[in-house]
Structure formats: structure tokens, C-alpha cells
Amino acid sequence: MGNPDNPFEYLNKPMYDVPEDLKSKVMNDVAKAKLFMDIAGLFSLNVSSVVENTIKTRKKK
């Protein structure tokens, strides 16, 4: 088959099925990470928006 360290040799090979319990663990972890990212987005400042709004309000005065 060639060099076993070459990951590109495995691209055309069929993928293996993953055990259902492992798949559910991974999907739960991904869902948790997405939830944390969404919550962090709600509570973090969008700095570019704050600067843009500040400049717009100063120009109006």
C-alpha cells in the first residue's frame, strides 16, 4: 500500500461505522460547545459595532 504514515492514501477508502455510544458522546460534546459559543456571543461585546455606533452618534452632535 505504500507509506502508512501518508493520510492521503486513505481518502478513497470506505469509512468505518462508529459505535452508536461513541457517536452520541461526540454529538453531545459538539452540541455543548455550540451552546457555550452562543452564550458567550450573547454576553461579549461586539467591539466593531460599539466603535461604529459611537462614531455615528458623535457625528450627529
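No value in this document is a laboratory result; all are computed from the given coordinates. Please read these numbers as outputs of a predicted model, since none were measured by experiment. Don't worry about glycine lacking a Cβ; one is built from the backbone with ideal geometry, like all the others, and counts go over all protein chains shown.
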| said: Nothing charged except the Cβ atoms of Lys and Arg (+1) and of Asp and Glu (-1): what's the magnitude of the dipole of the stretch 17-60 about its Cα centre? Round to the nearest 20 debye. | reply: 640
| field | Whole-number D in µm²/s for the chain (Stokes-Einstein; Kirkwood sum over Cα pairs; 10 °C, 1.306 mPa s) | value | 94
| Positive-end residue of Ala33, Leu22, Thr54, charge dipole of the chain with Cβ unit charges | Thr54
| task | Mind telling me which of Val26, Val50, Val18 comes out most flexible in a GNM of the chain, alpha-carbon contacts under 10 Å? | result | Val50
| query | If one takes the longest principal axis of the Cα atoms in the chain, at what angle in degrees, from 0 to 90 and to the nearest 10, does the Cα axis of helix 47-60 lie? | reply | 20
